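Report on the structure given below.
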Amino acid sequence: MSSPVLERGPLATRRGVLTLVLLCAVQFLDIVDASIVNVALPSIRADLGFSQQDLQWVLSGYLLTYGGFLLLGGRAADLMGRRRLLVIGTLVFAACSLLGGLAGTAGQLVTARMGQGVGAAMMAPAGLSILTTTFRTGRDRSRALAAWGSVSGVAAAAGVFLGGVLSQGPGWRWVLFVNVPVCLAIVVAALLLVEGREPVRRVSGRTFLSAALVTSAMLLLIFALVRAPDLGWRSAHVLGELGTAALLFAAFAVNERRHPDPLFPVAVLRVPGLIAADLTQLIAFAGFVSMFFFLTLYLQTGLGYTPIQAGSAYLPITAGIAVAAGLSARLTARVGTRPIIVSGALIAGTGMLMLARLPAGGHYLTDLLPGLLIMSVGLGAVFVTVTAAANAGVPPAQAGLAAGMLNTALQLGSALGLAIFSGIATTRTRSLLDRHVGAVDAMTGGLRWALVACATSVFVAAVIAARAPNIRTVQPISGGAL
């Protein structure tokens, strides 16, 4: 007979709750660092002498390596051991945060941010795969994934607020310094709470070649997407980088087909709902992440908000995300993932269309807050339920890979959305300026077009989700491989 503790599941124990808190802290840290430097950029530029063109690499450097190394990080978690990779990644993240805070030149800061991205690419898939293999029963798994998804959505908004408080208070360097004690606490907690008996699997030379090919392809793809708005989609550099990335992906596929123990087992793609969930994540978050970027620009440039004011503007949406996350977790068992994702995307897209009506010199309470609140409810539902759909039925042996794929979809979507929608905003703004429209009105006109494009992206995600399998329950997973 099973013990009462086992029957009740890990979340009925103190250790289980603390483990979930630890894993949510990992995800919060990774997501928040993608946005926490946003409102600190003017201070960073003045202090380190960045050019306007190079300043974007404070953000893009992190995005480049985070997205580029995620697939490798996800599979490494399965091969090396999840706790081991989580600890290594967190220590890398801490060291690079410290170096970034101490940076004396622009190059040193960008290098440190790229190092943070590498650490995050190890932490995120290791953390999510630990979660899905620790909380295996339907109820515990649903609640754990709801907490993870809720924290992810809240972190995206909280990063802007925390960045404003720190950069306007003790200074922009503390945006990075604050990570160090948090990382050390995560390492200690991981060593105490997470099982670490997983053996290191032997890796062949062909596996190393696969790792080099797919990582190079991902890095080059994201690098091209980041540079496309400045150089243009028809630029020889961008087209060459995209073409080379495609060739590297093709070489990776050929190498994998000949491998008896591939780095990327294609059988994982047969897990019901995995591909649809990843594609939904990519398309939806192309709109979500870009929306935060454009609204922050509007608040600080169009309305003259200080960093703290701009960050505080996002605080109300954390409530909508948290409420939607909790409700979505309960509804999944009753109606399944598909109607929740579709409804959430439609609600979020509607809120974003409301935001697209923002006027030059608008008012927060009337022009921004209603749309933000409606959008936040949809964001919370999509984030939680997509995460559940992507991880349902994935066996422990490939949990890291599945987690890496889901996080890669988010990062690729972010890069793709910013590349495309920034181009839309810039084109519209230049067109209005050519008609002798005022600078603020022209900028606002460009942002409105970009926000309509963001909303359209989220509506497209709803269409994709509508054709995905409807997973009504998160089934317990066994220890076998596919």
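The values are calculated or read from the model by the stated rules, or taken from the named source; none is laboratory data. The structure presented is a predicted model; accordingly, all values stated were derived computationally and were not measured. Neighbour counts run over all protein chains shown; Cβ positions are idealised from the backbone, glycine included.
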Could you please tell me which pairs satisfy a Cβ distance under 7 Å, a separation of 6+ or placement on different chains, a first residue in the range 242-270 that is outside the structural domain of GLY74 (by TED's automatic domain parsing), and a second residue that is not in a helix (DSSP H, G or I)? GLU256/PRO262; GLU256/LEU263; GLU256/PHE264
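Evaluate the following for THR90: is it buried (at least 21 other Cβ atoms within 10 Å of the Cβ) and either aliphatic (A, V, I, L, M) or in a helix (DSSP H, G or I) (or both)? Reasoning before the result, please.
Values: buried (at least 21 other Cβ atoms within 10 Å of the Cβ): yes; either aliphatic (A, V, I, L, M) or in a helix (DSSP H, G or I) (or both): yes.
It is true that THR90 is buried (at least 21 other Cβ atoms within 10 Å of the Cβ) and either aliphatic (A, V, I, L, M) or in a helix (DSSP H, G or I) (or both).
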Residue match in the range 471-479 (condition: out of contact with any Asp or Glu (no Cβ under 9 Å at 6 or more places or on another chain), of a type in the set (Gly, Ala, Ser) and either in a helix (DSSP H, G or I) or more than 26 Å from ALA126 (Cα to Cα) (or both)): no
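How many residues, within the range 451-470, are assigned to a helix (DSSP H, G or I) and either over 20 Å from the mean Cα position of the chain (by Cα) or free of Cβ contacts under 8 Å to residues at least 12 places away in the same chain (or both)? Spell out the reasoning first.
Within the range 451-470, the subset assigned to a helix (DSSP H, G or I) is 451-466.
Cutting the leftovers down to either over 20 Å from the mean Cα position of the chain (by Cα) or free of Cβ contacts under 8 Å to residues at least 12 places away in the same chain (or both) gives us 452, 463, 466.
Count: 3.
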Need at least 1 residues that are at pLDDT 80 or above and within 25 Å of the chain's Cα centre (by Cα) per element, so show me which helices (runs of 4 or more DSSP H) inside the range 1-57 make the cut, counting only ones lying wholly within it. 14-35, 41-48
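For the range 321-348, what are the residues that are surrounded by fewer than 24 Cβ atoms within 10 Å (Cβ to Cβ) and under 22 Å from LEU368 (Cβ atoms)?
Taking the range 321-348 and keeping what is surrounded by fewer than 24 Cβ atoms within 10 Å (Cβ to Cβ), we get 322-323, 326-327, 330-331, 333-336, 338-339, 342-343, 346-347.
Within the range 321-348, ALA322, VAL323, LEU346, ILE347 meet the criteria.
Can we say LEU315 is assigned by TED's automatic domain parsing to the domain that holds ARG141, in contact with a Gly (Cβ under 8 Å, 6 or more places away or on another chain) and either surrounded by 24 or more Cβ atoms within 10 Å (Cβ to Cβ) or over 25 Å from THR137 (Cα atoms) (or both)?
On the way: assigned by TED's automatic domain parsing to the domain that holds ARG141: yes; in contact with a Gly (Cβ under 8 Å, 6 or more places away or on another chain): no; either surrounded by 24 or more Cβ atoms within 10 Å (Cβ to Cβ) or over 25 Å from THR137 (Cα atoms) (or both): yes.
Judged against the criteria, LEU315 is not a match.
State all residues of the range 300-309 that are touching a residue at least 24 places away in the same chain (Cβ under 8 Å) and surrounded by fewer than 24 Cβ atoms within 10 Å (Cβ to Cβ); if no residue qualifies, say none. Reasoning before the result, please.
Of the range 300-309, the ones touching a residue at least 24 places away in the same chain (Cβ under 8 Å) are 300-303, 306-309.
Passing the criteria: GLN300, THR301, GLY302, LEU303, THR306, ILE308, GLN309.
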Residue pairs qualifying under the 6 Å Cβ cut-off, at least six apart or on distinct chains, with the first in the range 320-339 being assigned by TED's automatic domain parsing to the domain that holds GLN281 and of a type in the set (Gly, Ala, Ser) and the second being surrounded by fewer than 16 Cβ atoms within 10 Å (Cβ to Cβ) and not in a helix (DSSP H, G or I), are GLY336/ARG472
Let me spell it out: the conditions are (1) within 21 Å of PHE93 (Cα to Cα); (2) at pLDDT 85 or above, and THR134 meets all of them except one. Which number is the exception? (1)
Breaking point among (1) over 26 Å from SER343 (Cβ atoms); (2) in contact (Cβ under 8 Å) with a residue 12 or more places away in the chain; (3) not hydrophobic (A, V, I, L, M, F, W, C), for ARG435: (2)
